[in-house]
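Asker: What follows is a single structure, and I will ask about it in a moment.
The values are calculated or read from the model by the stated rules, or taken from the named source; none is laboratory data. From a predicted model like this one, the values you see are computed outputs, not experimental measurements. No Cβ is skipped: glycine too gets one built from the backbone with ideal geometry, and neighbour counts run over all protein chains shown.
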Amino acid sequence: MTSPATQEFLDALYLVAVAAEAMSAALIAGRRSMDWVGVCLLGCVTALGGGSVRDILLDHHPLSWVAQPHLLLVAGGAALATIAIARAAHRLRGIFLFLDAVGLVLFTVIGCNVALGLGSPTIVVLAAGMITGCVGGVLRDILCNEIPLLFRAELYATVSVLTGALYLYVLRLAVPHDLAIAVAMLAGLALRLLALRYGWSMPKFVYTRDLH
Amino acid sequence: MTSPATQEFLDALYLVAVAAEAMSAALIAGRRSMDWVGVCLLGCVTALGGGSVRDILLDHHPLSWVAQPHLLLVAGGAALATIAIARAAHRLRGIFLFLDAVGLVLFTVIGCNVALGLGSPTIVVLAAGMITGCVGGVLRDILCNEIPLLFRAELYATVSVLTGALYLYVLRLAVPHDLAIAVAMLAGLALRLLALRYGWSMPKFVYTRDLH
Amino acid sequence: MTSPATQEFLDALYLVAVAAEAMSAALIAGRRSMDWVGVCLLGCVTALGGGSVRDILLDHHPLSWVAQPHLLLVAGGAALATIAIARAAHRLRGIFLFLDAVGLVLFTVIGCNVALGLGSPTIVVLAAGMITGCVGGVLRDILCNEIPLLFRAELYATVSVLTGALYLYVLRLAVPHDLAIAVAMLAGLALRLLALRYGWSMPKFVYTRDLH
């Protein structure tokens, strides 16, 4: 169990991460000249889609935003607020990328915890973490009619899987739960920020022959 | 409770709306030179996808077409029939747009009712209505490899949310259920048709700076 | 009931089909220069997505890969192995297409069996078979930002529906279950291979008028 203080901190951080994911999505919506409704919807799908897909796959109901509908207001509101501050968004770019990285590792740990609570096997726990951390962005890219960035760039999914694996490993050392969360999230965050800073990426598979 | 006569009318209208959504989807499939199987599948996904996504998100089983498989025949059959009458389709354009608008408000009210029956909070009821009314078209656009029209044009999602909100408001006035349904649907239908007629749309969010 | 020997054969064939679907998806990922993580994820989604969507629609939990997580290793491993043997992939093209056809009819029969086990009506059984056989490829095409091949080409969905229908028909003749599976799969496989060989396809619906 996490301590009450840690849980409160994680709950607050979760709201910040949901808002940050929605704001990033709103900027991408703006690049495609979506209308305000589209901005709002894309923000909600991006911020809450990963957890929703995880819960549907694991039959874990009710979904987070069905049980806590204020999450829809946070995500939709943050997306709309982005329109107002769009002029300043460019200067806030660093903060966005940082909060997006926080969201990635936090969502991953939350996803692992849901699967752990359901007694899932290790591979499924890692998959649940990665789905929670990454699928929101995949849905965003599908709705924007693009090949998901996840499949092509940066150590996004890799950071998520490594964060989950480290979290499970530290948990088994019988250290306090809070410590396991802190270690996994900080390590994952560091790796993601380093990958962004130095442009690290996985090798690409390039196949140019005709398939048919 | 709706009166039996109203329920019968709504059930009949539902079949008409399912067929109309499938036929609109079929015309879009024809624009992309899909084969007959693709036309049939796109019709089913468009007409029944919104309700299916709502039921999956709310854990409301069985899905409509699992419990009432004739809905698959209505949607698939209507899509295929569109191929036969394609030459006349252009002249029927006004009827299609009208029936599509009927489908939007009817699906919205049905979706709200499902969430109300599950005791969902107000925001989730509105979301369920909008998902039922709009997601079929989003799936259609994804399968046609386009940015969903919903995110870019006309008051489609807005009409759905306003229809749902009006429905909930009138329900609380302790008027007969039938009246609440009629008021919400007629007002939503009027708004949608006016939006089509006068090209009303939400303001767009245009953001042109590089994100990375 | 299938005999134990048949069940063992089908289980082994299922693993081969999962690997084959993942390898085909990997080659398509390579054509889009995805990175290794993308190749791995696209392989898993393609190979296991059809069954997952079927189970979500029918509320049949746990999903196959949640109950048998080694399926994720088989699919992901096969996709990654494809990178190593990519140079030889062109010469293995015939084998890929054959195994893909085996996967189509096998997945179809498995999907029908799941729906039969849930007591679904006939149309839903056929839909479950087709979803299991075809939706993995649809998800693959969506993630690759293409109009699904299923909607445009070859007798893919048609083979699946006919395989399912023949399976249900033979089952009603009160022959042994093993025989029904063998007849349906072999007939479906033959039809699919003939369609590939002779380029059979469904007629297309071409509609060129403006919709709006």
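Asker: Having 3 or more residues that are surrounded by fewer than 22 Cβ atoms within 10 Å (Cβ to Cβ) is the bar; report the helices (runs of 4 or more DSSP H) wholly within the stretch C:1-69 that clear it.
Answerer: C:4-31, C:36-58
Asker: For the stretch C:180-212, which residues satisfy the criterion of being hydroxyl-bearing (Ser, Thr, Tyr), free of Cβ contacts under 8 Å to residues at least 12 places away in the same chain and surrounded by 13 or more Cβ atoms within 10 Å (Cβ to Cβ)?
Answerer: Listed by number, the list holds a single entry, C:TYR207.
Asker: Which of the residues belonging to the stretch A:132-149 are among the hydrophobic types (A, V, I, L, M, F, W, C) and more than 7 Å from chain C (Cβ to nearest Cβ)?
Answerer: A:CYS134, A:VAL135, A:VAL138, A:LEU139, A:LEU143, A:CYS144, A:LEU149
Asker: Spot the failing condition for B:MET130; the list is (1) over 28 Å from B:PRO4 (Cβ atoms); (2) in a loop (DSSP other than H, G, I, E, B), and only one is missed.
Answerer: Of the numbered conditions (1) over 28 Å from B:PRO4 (Cβ atoms); (2) in a loop (DSSP other than H, G, I, E, B), the odd one out for B:MET130 is (2).
Asker: Against the definition (more than 14 Å from chain A (Cβ to nearest Cβ), assigned to a helix (DSSP H, G or I), in contact (Cβ under 8 Å) with a residue 12 or more places away in the chain and buried (at least 18 other Cβ atoms within 10 Å of the Cβ)), how does B:LEU106 come out, yes or no?
Answerer: yes
Asker: Residues in the stretch A:68-87 that are at the interface with another protein chain (Cβ under 10 Å from one of its Cβ atoms), touching a helix residue (DSSP H, G or I) at 6+ places or on another chain (Cβ under 9 Å) and more than 19 Å from B:MET202 (Cβ to Cβ): how many?
Answerer: 3
Asker: I've got another one for you. Quick one: would you say A:ARG209 is in a loop (DSSP other than H, G, I, E, B) and of a type in the set (Lys, Arg)?
Answerer: yes
Asker: Follow-up. Are any residues in the stretch A:161-206 within 12 Å of chain C (Cβ to nearest Cβ) and under 23 Å from C:ALA81 (Cβ atoms), and if so, which ones?
Answerer: A:VAL161, A:LEU162, A:SER201, A:MET202, A:PRO203, A:LYS204, A:PHE205, A:VAL206 - these are the residues of the stretch A:161-206 that are within 12 Å of chain C (Cβ to nearest Cβ) and under 23 Å from C:ALA81 (Cβ atoms).
Asker: I'd like to know if the stretch B:37-54 contains one or more residues that are under 18 Å from the mean Cα position of the chain (by Cα) and among the charged types (D, E, K, R).
Answerer: Within the stretch B:37-54, one or more residues are under 18 Å from the mean Cα position of the chain (by Cα) and among the charged types (D, E, K, R).
Asker: I want to confirm something. Restricting to the stretch A:1-33 and keeping residues that are free of Cβ contacts under 8 Å to residues at least 12 places away in the same chain and more than 23 Å from B:LEU149 (Cβ to Cβ), which single residue is farthest from the other protein chains (Cβ to nearest Cβ)?
Answerer: A:ALA5
Asker: Test A:LEU92 against the criterion of being closer than 27 Å to A:ALA195 by Cα and in contact (Cβ under 8 Å) with a residue 24 or more places away in the chain, and give yes or no.
Answerer: In short, no.
Asker: Taking the stretch C:93-103 only, how many residues are more than 9 Å from every other protein chain (Cβ to nearest Cβ), surrounded by fewer than 22 Cβ atoms within 10 Å (Cβ to Cβ) and either touching a helix residue (DSSP H, G or I) at 6+ places or on another chain (Cβ under 8 Å) or at pLDDT 90 or above (or both)?
Answerer: The total comes to 4.
Asker: Something else now. Mind checking which pairs have a first residue in the stretch C:34-62 that is within 8 Å of chain A (Cβ to nearest Cβ) and more than 21 Å from A:ARG152 (Cβ to Cβ) and a second that is assigned to a helix (DSSP H, G or I) and of a type in the set (Asp, Glu), Cβ under 8 Å, 6 or more apart or different chains?
Answerer: C:HIS61/C:ASP55
Asker: For the structure I just gave you, tell me whether B:HIS90 is at the interface with chain C (Cβ under 10 Å from one of its Cβ atoms), closer than 21 Å to C:LEU58 by Cα and either surrounded by fewer than 22 Cβ atoms within 10 Å (Cβ to Cβ) or charged (D, E, K, R) (or both).
Answerer: For B:HIS90, the condition - at the interface with chain C (Cβ under 10 Å from one of its Cβ atoms), closer than 21 Å to C:LEU58 by Cα and either surrounded by fewer than 22 Cβ atoms within 10 Å (Cβ to Cβ) or charged (D, E, K, R) (or both) - is not met.
Asker: Then there's this: What is the residue count in the stretch A:156-179 for residues that are in a loop (DSSP other than H, G, I, E, B) and buried (at least 20 other Cβ atoms within 10 Å of the Cβ)?
Answerer: So the answer is 0.
Asker: Now a separate question. Determine if the stretch B:68-88 includes at least one residue that is at pLDDT 95 or above and in contact with a Pro (Cβ under 7 Å, 6 or more places away or on another chain).
Answerer: yes
Asker: Based on this model, can you work out whether A:GLY136 counts as under 17 Å from the mean Cα position of the chain (by Cα), closer than 25 Å to B:TYR207 by Cα, in a helix (DSSP H, G or I) and in contact (Cβ under 8 Å) with a residue 24 or more places away in the chain?
Answerer: Taking the combined requirement at face value, the residue satisfies it.
Asker: Out of the stretch C:109-147, which residues are closer than 28 Å to A:ILE142 by Cα, polar (S, T, N, Q) and surrounded by fewer than 20 Cβ atoms within 10 Å (Cβ to Cβ)?
Answerer: C:ASN145
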